[in-house]
Amino acid sequence: MVSNHKNPKEEKSAKKRVGGTPKNFMIPVLLLLLRDWNAHGYELMQKLIQFGFHSIDQGNFYRILRQLEKDELVTSEWDTSAGGPAKRIYSLTSAGEQYLQLWADSLGHYQKMLDQFFNMYSQFFTPPSFMTTNDDENN
């Protein structure tokens, strides 16, 4: 017999496992953002927040950018044109565009699976419609 009562610690643990974005989902979003424009790291972080990433660890974010550069998916150069300290401007490479296409294909497949999941889910959890008939109204 399965109990429907969970203690608060178990519920919090389950939410932590289930909630949030898929692992590494920030990577294709970063590549997509860089597809149309070159940007500083701070600008990219702001765009990710607008996209829906609520908590971004700044150190991890810059490690990801450095790894993308090491993998030759992005390049960067120092921008000294503005006043203040120099900033890195990140750009997408042709290898980055190809990698983005692989992500898009994979996410498209994942989207189909999600659509099937929600279609099936809605069949089980959509409230039944109560239709009244003349007999029901007379009783």
*Would you work out which of ILE56, ILE27, ALA104 lies farthest towards the positive end of the dipole of the range 25-120? Charges go on Cβ: Lys and Arg +1, Asp and Glu -1.*
ILE56
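Taking the mean number of other Cβ atoms within 10 Å as a proxy for protection, how do you rank 90-100, 40-50 from highest to lowest?
Taking the mean over residues of other Cβ atoms within 10 Å, the ranking is 90-100, 40-50.
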_Under-5 Å amide H pairs with LEU73, H placed in peptide plane, nonlocal only_ = none
*Under the Karplus relation 6.51 cos²θ - 1.76 cosθ + 1.60, θ = phi - 60°, what is the ordered set of whole-Hz ³J(HN,Hα) values for the range 57-64, x standing for Gly and Pro?*
6, 4, x, 5, 4, 6, 5, 4
*By the scheme Lys and Arg +1, Asp and Glu -1, what is the net charge of all other residues having a beta-carbon under 14 Å from that of GLN98?*
-3
_Local net charge near LEU30, Cβ-Cβ under 15 Å (Lys/Arg +1, Asp/Glu -1)_ = 0
*Between THR80 and GLN123, with labels modelled 7 Å along Cα→Cβ, what's the label distance in nm to one decimal, could you check?*
6.5
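FYI, it's all coordinate maths here, none of it is from the lab. Small disclaimer: the values here were computed from a predicted structure and weren't measured. Cβ sites come from the backbone with ideal geometry, for glycine too, and all protein chains shown count toward neighbours.
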